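**Q** After the structure tokens below, expect a handful of questions from me.
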Amino acid sequence: MSEIYEKLSTAILEGDADKTPKLVNRGLKQGLTPKEVLDNGLIVGMDEVGVRFKRGDMFVPEVLMSADAMAAGMLILRPLLVESGAELLGKIVMGTVKGDLHDIGKNLVSMMCEGAGFEIVNLGFNVEPDVFINAIKEHQPAIVGMSAMLTTTMRAMGHTIKAIEEAGLRDTVKVFVGGAPVDKEFADTIGADGYGSNAPGGAELAKQLVGAA
Amino acid sequence: MPADMAEQVTFMDYGLHRVPSKLTWAVQDAIDAVEHPSLIVLGYGLCGNGLKGINARQHTLLIPRTDDCIAILLGSYKKYIQEFDTTPGTYYLTKGWLEAGSNPLQEYEEIKEKYGEKDATWIMDQQYQHYERLVFVTHNQEDLEAYRPQAQEVAEYCQRWGYRYEEVLGSDIYVRRLIEVAMAIDKTDSDFVVIPPNGEVTQDLFMR
């Protein structure tokens, strides 16, 4: 069993979007559950991607290829996970804040959270505080996730939290934040409930925030 | 810049900011290499937190209070924010970056070598498709004309995402003020961060 897990995590690490779905199918055929394939194969690979990216041993093109491979695997696993009655952990409204157009990281976190059992409402990028507020009203999520990739735009996370507060909705949601320039200290300063330093960490955090980890 | 100051300039490698932790180590090493207590001017902004955590040791550090070099190129933080508010999705080009090959066209050529045309195109689209504008900043008309063909070549490539191309005459006023303050540190103001001996660079010092 461990062989297929290792092959899967390697395929993710190498960003091989052809091999990954084949290996996912092979694992399932061997009798592994979708959750086992996801947790012990794909996510282990993505964890390593996160570590290497932070260390500067992997760059954006490679991370993109890995995310693409992950998406190819998830395409098979997602319906099976739903079918297998894996517990739905709640909704997450996710967006890159106003002024920021980077959506690679936010989409990656969304995918990881989806894998962990959340339903994602993806608001896209350059999202105004009002759009977050309306989405909270409409979708009543458990969590709001915000991303910023620039020190110039990370301040908009604080403004968005304040706007959610002023709309009287802050107590209805947990807020978690992430993105290259963001750290725990900043997250605390702006009053977020949590900070994730990479995509798998973001999914773990989301689980913790709803008391499922 | 006075000659004695110019003699003491250390040029860092280009592109360290791409991995901010590498920028931190490189700048810290350069600071540590200065033997006698000195005023060290860092020609950086916060640079994606690349400067965060740097310790002044026995020196005093003087740093432009800006997120990155764009404010320095445009002449002021205010000008940068104005540009930012108009079009957040702006990719900046300068003479230096054109020379160093740091632009989407060059990046495409490099990753094409590694991944082939199809994947390279996909990778580029993923990273750059949401920007709207390419701005070429120069400090004088001469450079503008000399480097325009190169900038336009990049602009042509960026047409695939519908970027509009603009040219902006920047200003060296921020750099001039940095030198002024370096010569008389008591002239410092809210446009600069001063880190006393043994102090550490923190993110919040740059927030405004």
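The values are calculated or read from the model by the stated rules, or taken from the named source; none is laboratory data. Because the structure is a prediction, the values reported are computed rather than measured. Using ideal geometry, Cβ is built from the backbone for each residue, glycine included, and neighbour counts are taken over all protein chains shown. Surface accessibility is based on the protein's heavy atoms, side chains included, excluding ligands, DNA and RNA. Shrake-Rupley method; radii C 1.70, N 1.55, O 1.52, S 1.80 Å.
**Q** Read phi for every residue in the range B:75-85 and hand back ³J(HN,Hα) as whole Hz from Karplus 6.51 cos²θ - 1.76 cosθ + 1.60, θ = phi - 60°, with x for Gly and Pro.
**A** Taking θ as phi minus 60°, the curve returns x, 7, 4, 4, 4, 4, 5, 4, 4, 5, 5 Hz for the range B:75-85.
**Q** Further, regarding this structure: Just by accessible area at a 1.4 angstrom probe, what is the order of B:LYS114, B:LYS95, A:LYS106 from largest to smallest? Before the final figure, lay out each step's value.
**A** Numbers: B:LYS114 140, B:LYS95 75, A:LYS106 5 Å².
Per-residue accessible area, sorted high to low, gives B:LYS114, B:LYS95, A:LYS106.
**Q** Largest first, what is the accessible-area ranking of B:GLU167, B:GLU7, B:GLU200 with a 1.4 Å probe? Intermediate values should be presented prior to the final figure.
**A** Numbers: B:GLU167 70, B:GLU7 150, B:GLU200 100 Å².
Correct descending sequence by accessible area is B:GLU7, B:GLU200, B:GLU167.
**Q** Show me the three semi-axes of the equivalent ellipsoid for the range A:13-72, from the C-alpha gyration tensor (sqrt of 5 times each eigenvalue), largest first, rounded to whole Å. Mind dumping the intermediate values first?
**A** On the way: eigenvalues 104, 29, 9 Å².
Equivalent-ellipsoid dimensions as semi-axes: 23, 12, 7 Å.
**Q** Another question, then. Summing -39500 (n - 2.57) over the DSSP H runs of n ≥ 4 in chain A and dividing by its residue number, what mean residue ellipticity at 222 nm do you reach, to the nearest 500 deg cm²/dmol? Walk me through the intermediate numbers first.
**A** On the way: 10 runs with 121 residues, N = 213.
Theoretical 222 nm ellipticity from helices: -17500 deg cm²/dmol.
**Q** Could you list which residues have their amide H under 5 Å from that of B:LEU93, counting only those 5 or more apart in sequence or on another chain, with H placed in the peptide plane?
**A** B:VAL135, B:PHE136, B:VAL137
**Q** Once Lys and Arg get +1 and Asp and Glu get -1 on their Cβ, which of B:CYS69, B:THR90, B:PRO104 lies farthest toward the positive end of the dipole of the range B:59-122?
**A** Value computed over the given set: B:CYS69.
**Q** Run the helix sum for chain B: -39,500 (n - 2.57) per DSSP H stretch of 4+ residues, divided by residue count, reported at 222 nm to the nearest 500 deg cm²/dmol.
**A** On the way: 8 runs with 93 residues, N = 208.
Result for chain B: -14000 deg cm²/dmol, rounded to the nearest 500.
**Q** Take the alpha carbon gyration tensor of the range A:1-103, find the square roots of its eigenvalues, order them as a ≥ b ≥ c, and report rounded if a/c is under 1.5; if not, report prolate when a/b exceeds b/c, else oblate. Before the final figure, lay out each step's value.
**A** Working: a/c = 2.20, a/b = 1.24, b/c = 1.78.
The shape class here is oblate.
**Q** Across chain A, how many lysine pairs, 8 or more positions apart or on different chains, have C-alpha atoms separated by under 13 Å? Please give the number. Walk me through the numbers before you get to the answer.
**A** Working: A:LYS7/A:LYS19; A:LYS7/A:LYS22; A:LYS91/A:LYS137; A:LYS91/A:LYS174; A:LYS91/A:LYS207; A:LYS174/A:LYS207.
Step by step, the pairs that qualify in chain A add up to 6.
**Q** Given Cβ point charges of +1 (Lys, Arg) and -1 (Asp, Glu) and nothing else, what value in debye, to the nearest 20, does the dipole of the range B:77-169 about its Cα centre take? Before the final figure, lay out each step's value.
**A** Values: 10 positive and 18 negative charges, 53 e Å.
It comes to approximately 260 debye.
**Q** In addition: Between the range B:157-208 and the range A:49-71, what is the C-alpha centre distance in whole Å?
**A** 31 Å
**Q** Using a 1.4 Å probe, how large is the accessible area of B:TYR77, given in Å² and rounded to the nearest 10?
**A** Per-residue accessible area (B:TYR77): approximately 40 Å².
**Q** If the chain between B:ALA6 and B:SER21 were fully stretched, how many nm would it gain, using 0.36 nm times the residue separation less the Cα-Cα distance? Kindly include the intermediate steps, with their values, before the conclusion.
**A** On the way: separation 15, 0.36 × 15 = 5.40 nm, distance 2.74 nm.
Result: 2.7 nm gained on full extension.
**Q** Can you give the accessible area buried between chains B and A, summed over both chains, with a 1.4 Å probe, in Å² to the nearest 100? Walk me through the intermediate numbers first.
**A** Numbers: alone 11880 and 10480 Å², together 20230 Å².
Protein heavy atoms only, the B-A interface buries about 2100 Å².
**Q** Heads up, I need the accessible area for A:ARG26: 1.4 angstrom probe, whole protein in place, Å², nearest 10.
**A** The accessible area comes out at roughly 110 Å².
**Q** Can you work out the Karplus-derived ³J(HN,Hα) for every residue in the range B:13-20? Use 6.51 cos²θ - 1.76 cosθ + 1.60 with θ = phi - 60°, whole Hz, and x for glycine or proline.
**A** Each residue's phi maps through the Karplus curve to give 4, 7, x, 4, 4, 4, 10, x Hz.
**Q** Run the Debye formula on the Cα coordinates of the range B:77-169, all scatterers equal and no solvent, and tell me log10 I(q)/I(0) at q = 0.21 1/Å.
**A** Normalising to I(0) and taking log10 leaves -1.06.
**Q** Out of every Cα pair in the range B:157-208, what percent are spaced more than 15 Å from each other?
**A** Numbers: 879 of 1326 pairs.
The calculated P(r) of the range B:157-208 puts 66 percent of pairs beyond 15 Å.
**Q** Using a 1.4 Å probe on the protein chains only, how many percent of the accessible area of chain B belongs to carbon and sulfur? List each step's numbers first, then the result.
**A** On the way: 5370 of 10820 Å².
Carbon and sulfur atoms account for 50 percent of the accessible area of chain B.
**Q** Report which residues of the range A:53-96 become buried by 50 Å² or more of accessible surface when going from the isolated chain to the complete set of protein chains (1.4 Å probe; DNA, RNA and ligands ignored).
**A** A:PRO61, A:LEU64, A:MET65
**Q** Which stretch or stretches of the range B:178-201 have amide N atoms under 13 Å from the point lying 7 Å from B:ASN55's Cα along the Cα→Cβ direction?
**A** So the set is B:197-201.
**Q** In terms of modelled amide H atoms, which long-range or inter-chain residues lie less than 5 Å from the amide H of A:THR96?
**A** Those lying under 5 Å, H to H, from A:THR96 are A:GLY124, A:PHE125, A:ASN126, A:VAL127, A:SER147.
**Q** Now a separate question. Pairing the Cα long axis of helix B:141-158 with the longest principal axis of chain B, what angle in degrees results, from 0 to 90 and rounded to the nearest 10?
**A** So the inclination is approximately 50 degrees.
**Q** Can you put A:LYS137, B:LYS78 in order of accessible area, largest first, using a 1.4 Å probe?
**A** Correct descending sequence by accessible area is B:LYS78, A:LYS137.
**Q** Indicate, rounded to the nearest 5 percent, the antiparallel portion of the DSSP beta bridges found entirely in chain B. Could the numbers behind the result be given before it?
**A** On the way: 5 of 19 bridges.
Antiparallel bridges: around 25 percent, rounded to the nearest 5.
**Q** Of the heavy-atom accessible surface of the range A:38-189 (probe 1.4 angstrom), what whole percent is carbon and sulfur? Write down the numbers at each step before the final one.
**A** Working: 3390 of 6310 Å².
The value for the range A:38-189 is 54 percent carbon and sulfur by accessible area.
**Q** Once you keep just the Cα pairs under 8 angstrom separated by 6 or more residues, what percentage relative contact order results for chain B?
**A** Working: 289 pairs, mean separation 58.0, N = 208.
Reported as a whole number, the value is 28 percent.
**Q** Which residues' amide hydrogens lie under 5 Å from the amide hydrogen of B:LEU46, considering only partners 5 or more residues apart or on another chain, with H built in the peptide plane?
**A** B:THR66, B:ASP67, B:ASP68
**Q** What's the whole-number percent of alpha carbon pairs in chain A lying beyond 33 angstrom? Please list the in-between numbers first.
**A** Values: 3357 of 22578 pairs.
For chain A, the fraction of Cα-Cα distances above 33 Å is 15 percent.
**Q** Distance from the Cα centre of the range B:8-30 to that of the range B:43-116, in angstrom?
**A** 13 Å
**Q** Where does helix B:173-183 land angle-wise versus the long Cα axis of chain B, in degrees 0 to 90, nearest 10?
**A** Tilt of helix B:173-183: around 20 degrees.
**Q** Moving to a separate point now. Could you please tell me the mean projected area of the C-alpha convex hull for chain B, averaged over all directions and given in square nanometres to one decimal?
**A** On the way: hull surface 50.1 nm².
Hull-based average projected area comes out at 12.5 nm².
**Q** On the full set of protein chains, 1.4 Å probe, figure out the accessible area of B:TRP161 and give it in Å² to the nearest 10.
**A** Here the accessible area works out near 40 Å².
**Q** Within chain A, which complete DSSP H helices have Cα atoms spanning at least 20 Å along the helix axis and a mean Kyte-Doolittle hydropathy of 0.0 or higher? Please list the in-between numbers first.
**A** Details: long enough: A:60-83 (34 Å, 1.23); A:151-166 (24 Å, -0.34).
The answer, listed by residue number, is A:60-83.
**Q** Still on this structure, please answer the following. Can you list the residues of the range B:56-94 whose accessible area drops by at least 40 Å² going from the chain on its own to the full set of protein chains, with a 1.4 Å probe?
**A** B:ASP67, B:PHE84, B:PRO88
**Q** Could I ask something else about it? Keeping every protein chain present and rolling a 1.4 Å probe, give me the accessible area per residue for the range A:86-172 in Å².
**A** On the way: 3440 Å² over 87 residues.
Ligands and nucleic acids excluded, the result is 39 Å² per residue.
**Q** Shifting gears a bit: Under Stokes-Einstein, with the Kirkwood radius over Cα pairs standing in for Rh, what whole-number D in µm²/s applies to the range A:111-213 at 37 °C and 0.692 mPa s?
**A** Working: Rh = 13.6 Å.
Calculated translational D: 241 µm²/s.
**Q** Okay, moving on. Which three semi-axes in whole Å describe the equivalent ellipsoid of the protein assembly as shown, each the square root of 5 times a Cα gyration tensor eigenvalue, listed largest first? Please list the in-between numbers first.
**A** Details: eigenvalues 321, 125, 94 Å².
Three semi-axes, in Å: 40, 25, 22.
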